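Notes to accompany the following structure.
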Amino acid sequence: MTGQSATPAALKARGGQLARLAQPVQGAQVVGRVALLLRLVGQNPLGTSLAEIVQHSGLTRPTVHRLLTSLAAEGLLDHDVVRHTWHYGPEVFVMGTVAAARYPIEELARPSLVRLAEETGESAFLSIRRGGETVCLLREEGSFPIRSFVLHEGVRFPLGVASAGLAILAYLPTAEVDALLDDTDAFSARWGAQHSPASIRANLERTRETGYAVNPGLILEGSWGMGAAIFDRSGRPGWALSLTGIEPRFKPERQKILGQLLLDEASRISQTLQRPPIT
């Protein structure tokens, strides 16, 4: 009751209740592992081998195989017994179709990708931010016959790696940028010295000056990319448009042209997303 001290029995009961609330949700570890495996399978449209999934998941081979088999039984994955690769299953397609109506960004971005590909001849992409990563959602091929295949649907890169991630990271609050670039040793070990926090921060400054990001072959030598952020209704960068191609197609004088095209299309999508909902 209000104004009275809790009895020892009440304190004991309350302590037991808080302890129960503080315990991990039963099965949460399994859910996390399943989500990780689904993400890993989706990174390669041609399929992902068991060995690759084991390597990148950090889980044991029996555990990975058991979870993959269970997901296949539910229709979430398919196993190609000839190529020994794993793919998304029909249930994932159904879920994606249902969810698409709630997230209209692909419908809004597709015309921009087509225009970018037609006007530049380069491959155009839409990527979305998911936590500390970007995930490529859409691709539109350009007419230029030589292409870069670093970026494709489903591939994930940390924010700060690839032009889409640079474009998004440049417009996040300083505290978020610092947190994302905190694990310096692991990041540089995985992506190389060209992706050290100091190098990324320098590229972020250049991105803020021009409005668009440039990746000068940092992931794969000779494969260049440029990106521009798309902002949601609250003004936060949640997506990015990007162009990729070979180095000779991204000379300094052409970067300004490509950058302006990216900014124009990104602004067009941002303005549409920021319109008040129709009631």
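Gain in length, Arg147 to Val81, computed as 0.36 nm per residue apart minus the alpha-carbon separation, to one decimal in nm? Don't jump to the answer; show the numbers that get you there.
Working: separation 66, 0.36 × 66 = 23.76 nm, distance 3.09 nm.
Here the segment from Arg147 to Val81 would lengthen by 20.7 nm.
In Å, what is the Rg of the alpha-carbon atoms in the chain, and how long is Dmax?
Expressed in Å, the Cα Rg and Dmax of the chain come to 22.5, 80.
Based on a Kirkwood Rh over C-alpha pairs, give the Stokes-Einstein translational diffusion coefficient of the range 133-279 at 25 °C and viscosity 0.890 mPa s in µm²/s. Before the final figure, lay out each step's value.
Details: Rh = 15.7 Å.
The Stokes-Einstein estimate is 157 µm²/s.
In vacuo Debye scattering of the range 82-199, one point per C-alpha: log10 I(q)/I(0) at q = 0.17 Å⁻¹?
-1.04
Could you tell me what percent of the accessible area of the chain is made up of carbon and sulfur, with a 1.4 Å probe and every protein chain present?
57 percent
Quick check: pseudo-label points 7 Å beyond the Cα along Cα→Cβ at Thr69 and Thr174, how many nm apart are they?
Spacing of the two 7 Å Cα→Cβ label points: 5.4 nm.
If you find the alpha carbon centre of the range 217-279 and of the range 96-163, how far apart are they in angstrom?
Taking the Cα centre of the range 96-163 as reference, the centre of the range 217-279 is 10 Å away.
Give me the accessible area per residue for the range 28-91, probe 1.4 Å, as a whole number in Å². Could you put the intermediate results ahead of the total?
Details: 3760 Å² over 64 residues.
Per-residue value: 59 Å².
What does the charge count around Cys136 come to, taking other residues whose C-beta lies under 10 Å from its C-beta (Lys +1, Arg +1, Asp -1, Glu -1)? Write down the numbers at each step before the final one.
On the way: positive: Arg139, Arg156; negative: Glu153.
That sum, taken over residues with Cβ under 10 Å, equals +1.
How far is it, in nm, from the label point at Arg208 to the one at Leu137 when both lie 7 Å from their Cα along the line to the Cβ?
Once both label points are built, they end up 2.7 nm from each other.
Tell me the angle of helix 197-210 to the major Cα principal axis of the chain, expressed in degrees between 0 and 90 and rounded to the nearest ten.
Value to nearest ten degrees: 60.
Return one number: the angle in degrees, 0 to 90 and rounded to the nearest 10, between the long axis of the Cα atoms of helix 90-100 and the longest principal axis of the Cα atoms of the chain.
Once rounded, one gets 80 degrees.
For the range 230-279, what is the accessible area per residue in Å², given a 1.4 Å probe and the full set of protein chains? Present the calculation step by step, with values, prior to reporting the outcome.
Values: 2840 Å² over 50 residues.
I get 57 Å² per residue for the range 230-279.
In a GNM of the chain with a 10 Å cut-off on Cα contacts, which of Arg236, Arg156, Arg61 has the highest mean-square fluctuation?
Arg61
The values are calculated or read from the model by the stated rules, or taken from the named source; none is laboratory data. The shown structure was predicted, so the numbers you read here are calculated from the model rather than taken from an experiment. Reconstructed Cβ throughout: ideal geometry from the backbone, glycine too, with neighbour counts over all protein chains shown. Remember, those area values only see protein heavy atoms, side chains included, never the ligands or the DNA or RNA. Shrake-Rupley method; radii C 1.70, N 1.55, O 1.52, S 1.80 Å.
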